[in-house]
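The values are calculated or read from the model by the stated rules, or taken from the named source; none is laboratory data. These numbers were taken from a predicted model, which means no experiment stands behind them. With ideal geometry, Cβ positions are generated from the backbone for all residues, glycine too; neighbour counts draw on all protein chains shown. Please note that ligands, DNA and RNA were not included when accessible areas were found on the heavy atoms of the full protein model with its side chains. Shrake-Rupley method; radii C 1.70, N 1.55, O 1.52, S 1.80 Å.
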Amino acid sequence: MRAGALVGIVLLGMAACAPKKDSESTDKAAAATPGPNVVSFTAKEYAFQGPDSIPAGMTTVVLHNAGTVLHHLQLVRLKDGHTEADLAAGLAHMKPTDPSPPWMEFAGGANAADPGGETRATLMLTPGNYAIICVVDVPDHVPHMMKGMVKALTVLPSTAPAVAAPTADLTLTLTDYAFSFSTTPTAGKHVIKVQNHGPQVHEFELVRLLPGKTMDDLMAWAQTYQGEPPITSLGGTPGMTPGEVEYVPMDLTPGQYVALCFFPDAKDHKPHIDHGMVLPFTIS
Ligand SMILES: [Cu+2]
């Protein structure tokens, strides 16, 4: 018995000392540090598909656009016991320019994806009643939430260990009415930490101009939505209340990019692009 036990211990010791392949040690490291919870939603005209409830914590929201026009996924926190039913009932009586109710708080999400495209972003979700809505108003200037693009989402308390925020190499700060990068964006893969310093709600949508298209083409299209968009939509963060932080992965290939905020102004209801919240930049 004793000899057998000793052999067993020696064999275990040898297994522990055996050199590991790189892939094995990488897998082990990944298992030891769990990443954000990944939740996927699909958007089309005019509905979302996806889970009804998700756990709280660091969450990567993935949006698949299975429609024929732009869609995004805007999370809104419903405060003071309000529900998605209250929101849907209110929307039925609202005009697109009406202010949103005070119990509705814009909480980021995944910004607009082209038809057939996918966007994603990571953020910390606290427990509570939420709705996911689409505020995109292409092609007729009527926000999609007023066409039924509203879904209830409950964020449940979670006992899972806390997950660290993604490591960002660029910070983008949103203010009234400007975008400001911590350093000049360069070609390659980045994680952009997006923070709204307000005072108003702002969004960040990143687009790349199609070959041969100009800023003038984009600004003209953004007013009328006539014809094919002169851009590829790469996502970002939908409306964020001041203080919100979100992490957006972006692979910047050479081209002409523009950061845009279409969020309606608190005072004159014009989209913030009309207040100059437009930042063109070139990746070479
Ligand atoms: Cu939509």
Given the conditions (1) of a type outside the set (Val, Ile, Thr); (2) more than 16 Å from the ligand (Cβ to nearest atom); (3) part of a loop (DSSP other than H, G, I, E, B), which single one is not true for Lys193?
(3)
Which condition does Thr224 not pass, out of (1) of a type in the set (Ser, Thr, Tyr); (2) open to solvent by 60 Å² or more (accessible area, probe 1.4 Å); (3) touching a strand residue (DSSP E or B) at 6+ places or on another chain (Cβ under 9 Å), if it passes all the others?
(3)
For residues in the range 258-284 being without any contact (Cβ under 8 Å) to a residue 40 or more places away in the chain and in a loop (DSSP other than H, G, I, E, B), which is nearest to Ser233 (Cα to Cα)?
Lys270
Exception for Glu105 within (1) within 16 Å of the ligand (Cβ to nearest atom); (2) closer than 27 Å to Val207 by Cβ; (3) out of contact with any helix residue (DSSP H, G or I) (no Cβ under 8 Å at 6 or more places or on another chain) falls at (1)
Mind telling me which of the residues Gly128, Gly188, Gly148 ends up being within 17 Å of Gly236 (Cα to Cα) and open to solvent by less than 60 Å² (accessible area, probe 1.4 Å)?
Gly188
Please indicate, with yes or no, whether at least one residue in the range 68-80 is of a type in the set (Val, Ile, Thr) and farther than 17 Å from Thr126 by Cβ.
yes
All but one of (1) away from the ligand (no atom under 16 Å from the Cβ); (2) closer than 13 Å to Ala152 by Cβ hold for Leu87; which doesn't?
(1)
Those residues that are within 10 Å of the ligand (Cβ to nearest atom) and assigned to a loop (DSSP other than H, G, I, E, B), I need them from the range 46-80; list them, please.
Tyr46, Gly67, Val69, Leu70
Got a sec? Which of Thr214, Thr253 is under 21 Å from the mean Cα position of the chain (by Cα) and not charged (D, E, K, R)?
Thr253
Hey, could you check the range 26-45 for residues that are in a loop (DSSP other than H, G, I, E, B) and modelled with pLDDT of 95 or more and say which is farthest from Gly117 (Cα to Cα)?
Pro36
